[in-house]
Amino acid sequence: MSSSSSRPVPVIALHGGAGTLSRATISAEQQAAYRDALGTILRAGQAMLAEGADALDVVTEAVRQLEECPLFNAGRGAVYTAEARHELDACVMRGSDLAAGAVAGVRTLRNPVLAARALLEEGGAVMLIGEGAERFAVRQGCETVSPDWFGTPARLQQLRTMQAAQAGDTMALDHDGAAAQAAQAAPLDERAKFGTVGAVALDAQGHLAAATSTGGMTNKRPGRVGDSPLIGAGCYANDRTVAVSCTGAGEAFMRALAAHDISALMAYAGLPLEEAARRVVMDTLPPLGGRGGLIAVDAQGHVTLPFNTEGMYRGWARVGQPVRVAIYADEEGA
């Protein structure tokens, strides 16, 4: 935090999924691709904050860029449902007035986070789903694409491999499947990765914001909605306390109201950010089957990025300071 100002130094943090490590199978070039993608988006957000941009604008743009990157499970590169389709979810929340917008189960919106942002700005409904969300977004000028724009060969192979090996309603977090590593190697083992993207930020005016977006789970039941678009579960922001974006086993995060629980522990129990987040990620979620992690920044500019898996794509950047990106648990945290 700044020692010469009454306000903290603006900061942004990102995540791109959590899961199991596969250091032995990842090349330096493949690892660098993930780090470069996170670093590029962080630098853009850092620059926006340095110019005085609002936190909500910063997190919306950061998640839009993550949706455009096929390395992550949101937007282009999203995983497939059991019917070999894409159903995308997103949420944004502004900490100054608790305004929020969310969409779920959309199939033709190029950037679901922009639809969520448009809904927030309208100030009426907080969440829209499916065709209703798409019709609203089109009226607001959001870009649509053919549903096949979101797909990649690696994601489709993950679905086919999983369906051939497993029966019933079994679904995998992010992109499960034995052939996934050969199709698209990644620092986090694609057979055991939790896929969501998100951003949180504190701006120069002292305001907080959060945004989360996801393609859900490979082979998920059509119509299934996880925590990502749900306020208080996978996304939350309140200027009095904290901005949070989660990634993990959505049903557990929903049952725990994970994002809001951090805010509640801070507001009602007086816990500092790091301890509140640790309790939720390490104590509350695991008994519910909640593997994953989250990113959070509080009203004083403290950042924490805890996870209970072996790794999490993550990064953070304060204005005027070096950008920091990490994947593995043994890398220095914030």
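Each value in this text was obtained by applying a stated rule to the coordinates, not by laboratory testing. Only a predicted model underlies this, so the values are computations on that prediction, with no experimental measurement involved. As a convention, Cβ positions derive from the backbone with ideal geometry for all residues, glycine included, and neighbour counts pool all protein chains shown.
Rounded to the nearest 10 degrees, the angle from helix 28-50 to the longest Cα principal axis of the chain is 40 degrees. Kirkwood's formula applied to the C-alpha pairs of region 2-142 gives a hydrodynamic radius of 16.7 angstrom.
Rounded to the nearest 20, the Cβ-based charge dipole of the chain about its Cα centre (Lys and Arg +1, Asp and Glu -1) stands at 320 debye. For region 286-334, the spherically averaged projection of the C-alpha convex hull amounts to 4.1 nm².
Over region 1-95, what is the relative contact order in whole percent, taking alpha-carbon pairs under 8 Å and six or more residues apart?
Values: 67 pairs, mean separation 20.0, N = 95.
Over region 1-95, the number comes to 21 percent.
Considering only Glu121, Glu68, Glu310, the mean-square fluctuation computed in a Gaussian network model of the chain, springs between alpha carbons under 10 angstrom, is largest for Glu121.
Close amide H partners of Gly151, meaning residues 5 or more places away or on another chain with modelled amide H under 5 Å apart, are Gly77.
Between Gln163 and Glu143, full extension at 0.36 nm per residue minus the direct alpha carbon distance yields a gain of 4.0 nm.
Relative contact order for the chain: what is it in percent, counting Cα pairs under 8 Å that are at least 6 residues apart? Intermediate results must be reported in sequence, preceding the final value.
Details: 940 pairs, mean separation 84.4, N = 334.
Computed over the chain, the figure is 25 percent.
Averaging the Cα positions of each part gives two centres, and for region 1-80 and region 86-154 these lie 20 Å apart. Kirkwood radius for region 220-334, taken over all pairs of different Cα atoms as the inverse mean of 1/r, rounds to 14.3 Å.
Taking the Cα centre of region 28-97 as the origin, how large is its charge dipole in debye, to the nearest 20, when only Lys and Arg (+1) and Asp and Glu (-1) carry charge on their Cβ atoms?
Numbers: 6 positive and 12 negative charges, 35 e Å.
Dipole of region 28-97, to the nearest 20 debye: 160 debye.
Summed over qualifying helices (DSSP H, 4 residues or more, each -39500 (n - 2.57)) and divided by its residue number, the chain shows a 222 nm mean residue ellipticity of -9000 deg cm²/dmol. Here the gap between Glu68 and Met282, fully extended at 0.36 nm per residue and compared with their Cα-Cα distance, gives a gain of 73.9 nm. Subtracting the Cα-Cα distance of Arg221 and Arg240 from their residue separation scaled by 0.36 nm leaves 3.1 nm. Shape class of region 88-166 from the alpha-carbon gyration tensor: prolate, with a/c at 1.5 or above and a/b greater than b/c. May I ask which residue of Pro153, Gly75, Val138 lies farthest towards the positive end of the charge dipole of the chain, with charges of +1 (Lys, Arg) and -1 (Asp, Glu) on Cβ and the Cα centre as origin? Checked the options; the winner is Pro153.
A Cβ-based charge dipole, computed about the Cα centre of region 41-146 with Lys and Arg at +1 and Asp and Glu at -1, lands at about 200 debye.
Can you order the peptides 196-204, 287-295, 321-329 by their average number of other Cβ atoms within 10 Å per residue, highest first?
Result, highest mean first: 196-204, 287-295, 321-329.
Could you tell me how many cubic angstrom of Cα convex hull volume the chain has per residue?
Numbers: hull volume 39.7 nm³, N = 334.
Each residue corresponds to 119 Å³ of Cα convex hull volume.
Angle of helix 112-122 to the longest C-alpha principal axis of the chain, folded into 0 to 90 degrees and rounded to 10: 40°. Positive end of the dipole of the chain (Cβ unit charges, origin at the Cα centre): among Leu14, Tyr34, Met48, the Cα lying farthest that way belongs to Tyr34.
Of Met217, Met282, Met93, Met48, the sequence from fewest to most neighbouring Cβ atoms within 10 angstrom is Met282, Met48, Met217, Met93.
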